[in-house]
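Take a look at the structure below.
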Amino acid sequence: MPDHRFDGKVAIVTGAASGIGKALSNALARRGATVVLADLDEPGAKAAADSIGAGPPGRASGVALDVTDAGAFADLVDAVVSEHGHVDLLFNNAGIGVSGEVADLSLEHWQRVIDVNLRGVVHGVAAAYPAMIRQGRGHIVNTASLAGLIPAPLLTPYAMTKHGVVGLSTSLRAEAKKYGVRVSVVCPGVIDTPLLDKPNPPDLPPVTTAPDGRALLSRTIGRAYPPQSLAENVLEGVARNRPFIVTPRHARTPWRIYRLWPRLVVDSAPWLLRRVLQERGTASTSR
């Protein structure tokens, strides 16, 4: 059956040139939404928007956006409201991965992941939330991760920022209700996107203990899930105004186990850490 719940909605999706952001943009456009695809990779965002415009009924456009630039984010929201009269949905989806043992990470690693994964979401909220309050409606959807709900050794900076996104989202949801604004947080498991296979940012110092992200996450959480299927799950959760959107189904198991037996999960993490490091040939007797 056609889904008309997003007809006429205006949405901004960050990190939309590929992966989850691109899949969300496609799914929104198929449901009749007007979608602004924002990404640091402007050509990629425009190409993704063009591919949407050639098919589904919703309108799409691609724009450049560095989510670490608060002013640029505010300008984008202002431009969207000026052109369309309102902004109904903001998907704070842009993010990066930084991995490796904390002992091997520099302050630069921490600063980069905080700037993108946490401050980038704050900048989106700061830009769109006032406009939504004025409208008396809107929905902010923040992409966190299952690593924002459970421990994630070897992904500590990433997990830290995603825990922060969860805290921001659930706390803001409580405040935003009186203004008619909704807030949801998406906590995906292993999603089959380019981020799984990307190393740490190349301009940062190399980290020898950085694991194979796909292998690590697939072993601890489960098989990779198609981003198109994730997008369908997310939009269903958004339509139902769910506070947490944890998907796919098998990703909810480690979350439940951690909530019931947190010590079991935390105490088993060092064993997993040793195994992963041994497989990469980087374990040493000093650790």
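Some observations on this one:
- Considering residues of the stretch 255-276 that are modelled with pLDDT of 90 or more and buried (at least 16 other Cβ atoms within 10 Å of the Cβ) only, the residue nearest to ASN142 (Cα to Cα): TRP255
- Leading residue by the ranking (farthest from the chain's Cα centre (by Cα)) among those in the stretch 64-95 that are assigned to a loop (DSSP other than H, G, I, E, B) and within 18 Å of SER169 (Cα to Cα): ASP88
- Sole residue being over 19 Å from LEU118 (Cα atoms), part of a helix (DSSP H, G or I) and among the acidic types (Asp, Glu), chosen from ASP50, ASP7: ASP50
- Between THR156, THR143, the distinction of being under 18 Å from the mean Cα position of the chain (by Cα) and closer than 19 Å to PRO201 by Cα belongs to THR156 only.
- Taking the listed residues ILE133, ILE140, the one that is surrounded by fewer than 18 Cβ atoms within 10 Å (Cβ to Cβ) and either of a type in the set (Val, Ile, Thr) or modelled with pLDDT of 95 or more (or both) is ILE133, with no other qualifying.
- Looking across the stretch 254-266, the residues that are in contact (Cβ under 8 Å) with a residue 12 or more places away in the chain and not aliphatic (A, V, I, L, M) come down to PRO254, TRP255, TYR258.
- Any hit, the stretch 120-129, residues being in a helix (DSSP H, G or I), under 21 Å from ILE20 (Cα atoms) and among the aromatic types (Phe, Trp, Tyr): no
- Residues that are polar (S, T, N, Q) and farther than 19 Å from THR143 by Cα, drawn from the stretch 68-110: SER82, SER106
- Hits in the stretch 221-243 - residues which are at pLDDT 95 or above and crowded, with 18+ Cβ neighbours inside 10 Å: LEU230, ALA231, ASN233, VAL234, LEU235, GLY237, VAL238
- Filter result (in contact with a Leu (Cβ under 6 Å, 6 or more places away or on another chain) and not small (Gly, Ala, Ser)) within the stretch 77-126: PHE91, GLU108, HIS109
- When residues of the stretch 220-249 are limited to those that are of a type in the set (Val, Ile, Thr) and not in a helix (DSSP H, G or I), the one farthest from ILE12 (Cα to Cα): ILE221
- Check on VAL98, in a loop (DSSP other than H, G, I, E, B), farther than 24 Å from ALA269 by Cα, in contact with a helix residue (DSSP H, G or I) (Cβ under 8 Å, 6 or more places away or on another chain) and touching a residue at least 60 places away in the same chain (Cβ under 8 Å): no
- Matching option when the condition is closer than 21 Å to PRO194 by Cβ and modelled with pLDDT of 95 or more, among ALA74, ALA79, ALA17, ALA33: ALA17
- ALA210 being in a helix (DSSP H, G or I), surrounded by 20 or more Cβ atoms within 10 Å (Cβ to Cβ) and modelled with pLDDT under 95: no
- Test: ILE12 is assigned to a helix (DSSP H, G or I), in contact (Cβ under 8 Å) with a residue 60 or more places away in the chain and either of a type in the set (Phe, Trp, Tyr) or under 27 Å from GLY180 (Cα atoms) (or both): no
The values are calculated or read from the model by the stated rules, or taken from the named source; none is laboratory data. Bear in mind that the values here come from a model prediction, so they are computed numbers and not experimental data. Methodologically, a virtual Cβ is constructed for each residue, glycine included, from the backbone with ideal geometry; neighbour enumeration extends over all protein chains shown.
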